[in-house]
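The values are calculated or read from the model by the stated rules, or taken from the named source; none is laboratory data. Just so it is clear, the structure is predicted and the values come from calculations on it, not from any experiment. Please note: Cβ atoms are built from the backbone with ideal geometry, for glycine as well, and neighbour counts cover all protein chains shown. Note: accessible area is taken over every heavy atom of the protein model, side chains too, but ligands, DNA and RNA are not part of it. Shrake-Rupley method; radii C 1.70, N 1.55, O 1.52, S 1.80 Å.
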Amino acid sequence: MKVKSLLFAAFAALSMTAFADGTAEQDGVVIDNCTAKVGETIDLTLRFETQTPYAAAQADITLPDGLDAVKIYDEDAEEEVWFVMLSNKRWKKSNQIASNNPGGTTKLLRYVIFDLGNKTFAAGKDGMLKMRAKVSKEGELKGTVTKVHWSTGIPGGVGDGDGFDSEFIVTATASGVNDITATGEVKARKVIENGQIYIIAGDKKYNVMGAEVK
């Protein structure tokens, strides 16, 4: 599909929310808490917890200091995108995503998800979208999912409304490289081979995540 047509469909889906009556409060999007190491790139699953079938939805994901979104290559779209749809029986093949970073940074992302034929996807509690983030700081990194809005696709906005907000925490610990160099028992040095960064400590070689490379 051409980009122009995709954006038109996205705006059409959003226009259905004008008459929202707030009956969607039991529906929202959750990202589960997880752990990671500094320097690691992780995938975050957006789990739609819905009790109502919807034809369109949107939400904002705000990432904390120490967590930055990075694009993912989507094989279906043949380009790098902010969100990728996960295979799911709740989806019809005609479902689409429009996504961007309205804040102009990698800290605020917004998705718009909709069905071209105005069909609904089933209620449930499973993963629907995936995004990717780079961890650059230790600690409990708390993000939020806000402005969740749903549209049933029914004329007049019947059943449309705003879902609940949610929070998630990525608990980030020191990277494997720090673990290696912190002991002070063996001096470590960084080398670059074929574009990859390695840590040499004694007669052993490690990648940036601290795993030994044979």
Flag for GLU140 being assigned to a strand (DSSP E or B), within 15 Å of the chain's Cα centre (by Cα) and over 23 Å from ASP27 (Cα atoms): no
I'd like the residue in segment 55-78 that is assigned to a strand (DSSP E or B) and of a type in the set (Asp, Glu) and, out of all such residues, is farthest from CYS34 (Cα to Cα). ASP74
Which count do you get for residues in segment 113-172 that are touching a strand residue (DSSP E or B) at 6+ places or on another chain (Cβ under 6 Å), among the hydroxyl-bearing types (Ser, Thr, Tyr) and farther than 21 Å from GLN96 by Cα? 3
Hand me the list of strands (runs of 3 or more DSSP E) wholly inside segment 79-133 holding 2 or more residues that are aromatic (Phe, Trp, Tyr). 108-115
Just for segment 165-196: of the residues that are among the aliphatic types (A, V, I, L, M) and at pLDDT below 75, which one is nearest to GLY210 (Cα to Cα)? VAL177
When segment 197-214 is examined, which residues are found to be at pLDDT 70 or above, within 24 Å of ALA133 (Cβ to Cβ) and open to solvent by 60 Å² or more (accessible area, probe 1.4 Å)? ILE197
Candidate set from segment 105-124 (those that are more than 17 Å from THR152 (Cα to Cα) and of a type in the set (D, E, K, R)); member that is surrounded by the fewest Cβ atoms within 10 Å (Cβ to Cβ): LYS107
Restricted to segment 125-165 and to residues being of a type in the set (A, V, I, L, M) and under 19 Å from ARG90 (Cβ atoms), the residue most open to solvent (accessible area, probe 1.4 Å) is ILE154
Suppose the filter is open to solvent by less than 50 Å² (accessible area, probe 1.4 Å) and without any contact (Cβ under 8 Å) to a residue 12 or more places away in the chain; does ASP74 pass it? yes
Of the numbered conditions (1) buried (at least 16 other Cβ atoms within 10 Å of the Cβ); (2) small (Gly, Ala, Ser); (3) within 18 Å of the chain's Cα centre (by Cα), SER87 satisfies every one except a single condition; which is it? (1)
Just to be sure before I move on: is TRP82 at pLDDT below 90 and either closer than 18 Å to VAL112 by Cβ or touching a strand residue (DSSP E or B) at 6+ places or on another chain (Cβ under 8 Å) (or both) in the structure I sent? no
